[in-house]
Amino acid sequence: MRLLPLALLLATPAFAQTAPLTPDEAAMRAHVAFLAADDMKGREPGTPEYDRAAAYVAQQMQAAGLQPGR
């Protein structure tokens, strides 16, 4: 019976509400989710998934207004 209060105390963070994400945080989470998705299969060099990840990063950089180095 003495373990019940401890169990309730440890379970409390699981029910705690978190603040909504800022737009920047949501965007970062979406980028990480895309690049870390299971269908990216680890993005090993020389694979189609690697090329897909590289194209995604290049597209995001271009959308942010970055230009390739000269």
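Observations, loosely collected:
- Residue match in segment 42-55 (condition: among the polar types (S, T, N, Q) and open to solvent by 60 Å² or more (accessible area, probe 1.4 Å)): no
- For segment 24-70, a residue qualifies if it is assigned to a helix (DSSP H, G or I) and among the β-branched types (Val, Ile, Thr), and the qualifying residues are Val32, Val57.
The values are calculated or read from the model by the stated rules, or taken from the named source; none is laboratory data. Everything numeric here is computed off the predicted structure, so don't read it as measured data. Accessible surface is based on the protein model in full, side chains and every heavy atom, while ligands, DNA and RNA are left aside. Shrake-Rupley method; radii C 1.70, N 1.55, O 1.52, S 1.80 Å.
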